[in-house]
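Here is the structure we will look at.
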Amino acid sequence: MSLNAQPVLTILALVPCGKVVSYGQLADLAGLPGKARWVGQVLQRQDTTQLPWHRVVASDGRLSLAKGSEGWQEQRQRLQAEGIILRGDRVPMAQYRWQPDLAALLMLMEY
């Protein structure tokens, strides 16, 4: 079975400034429950320069790139520029997790 990456990219584009999603949450919102690792692979393979890739973090709020790497530093800086205050090296998920109203989300999606 081949999975379609477009719903993942569509949902990612909707994540608002100052909010984050986890890989698993992004998978769930895209209608692909249990596919968090696959979402990570999709984002790794896609050109995400036009998408807010930096708003996707691990379920516990950790930045997903190798600590200290150029990408990790860029993700951290982008999140901080959006007003997200990290505690240590983690995003406080209870404070910054995007919790869209599913009815509103469906209205934003293109079919």
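The values are calculated or read from the model by the stated rules, or taken from the named source; none is laboratory data. It should be emphasised that the depicted structure is a prediction, and the values quoted were computed from it without experimental measurement. Reconstructed Cβ throughout: ideal geometry from the backbone, glycine too, with neighbour counts over all protein chains shown.
Quick notes on this structure:
- GLN41 meets each of the listed conditions (1) touching a Lys or Arg at 6+ places or on another chain (Cβ under 7 Å); (2) without any contact (Cβ under 8 Å) to a residue 12 or more places away in the chain; (3) of a type outside the set (Lys, Arg) apart from (1).
- Any hit, segment 44-55, residues being surrounded by 13 or more Cβ atoms within 10 Å (Cβ to Cβ) and charged (D, E, K, R): yes
- Test: residue in segment 73-90 that is in contact (Cβ under 8 Å) with a residue 60 or more places away in the chain, loosely packed, with under 11 Cβ neighbours inside 10 Å and either in a helix (DSSP H, G or I) or of a type outside the set (Val, Ile, Thr) (or both): yes
- Residue within segment 53-63 that is in contact with a Gly (Cβ under 8 Å, 6 or more places away or on another chain), of a type outside the set (A, V, I, L, M, F, W, C) and either over 20 Å from LEU106 (Cα atoms) or not in a loop (DSSP other than H, G, I, E, B) (or both) present: yes
- Taking the conditions (1) crowded, with 16+ Cβ neighbours inside 10 Å; (2) of a type in the set (Gly, Ala, Ser); (3) at pLDDT 90 or above in turn, SER64 satisfies each one other than (3).
- When TRP38 is tested against (1) surrounded by 12 or more Cβ atoms within 10 Å (Cβ to Cβ); (2) not aliphatic (A, V, I, L, M); (3) not in a helix (DSSP H, G or I), only condition (3) is not met.
- Of all residues in segment 1-24, those that are on the phi > 0 side of the Ramachandran plot have Cβ atoms under 6 Å from Cβ atoms of residues that are surrounded by fewer than 21 Cβ atoms within 10 Å (Cβ to Cβ), 6 or more apart or on another chain, in GLY18/GLU82; GLY18/GLY83.
- Of residues in segment 51-72 being free of Cβ contacts under 8 Å to residues at least 24 places away in the same chain and not acidic (Asp, Glu), the one farthest from GLN6 (Cα to Cα): GLY68
- Candidates in segment 12-25 are the residues that are hydrophobic (A, V, I, L, M, F, W, C) and in a helix (DSSP H, G or I); of these, the one that is surrounded by the most Cβ atoms within 10 Å (Cβ to Cβ) is LEU12.
- Selection from segment 85-102 of residues that are closer than 10 Å to GLY18 by Cα and in contact with a strand residue (DSSP E or B) (Cβ under 7 Å, 6 or more places away or on another chain): TYR96, ARG97, TRP98
- Scoring ASP28 on the criteria (1) part of a helix (DSSP H, G or I); (2) touching a residue at least 12 places away in the same chain (Cβ under 8 Å) leaves a single failure, condition (2).
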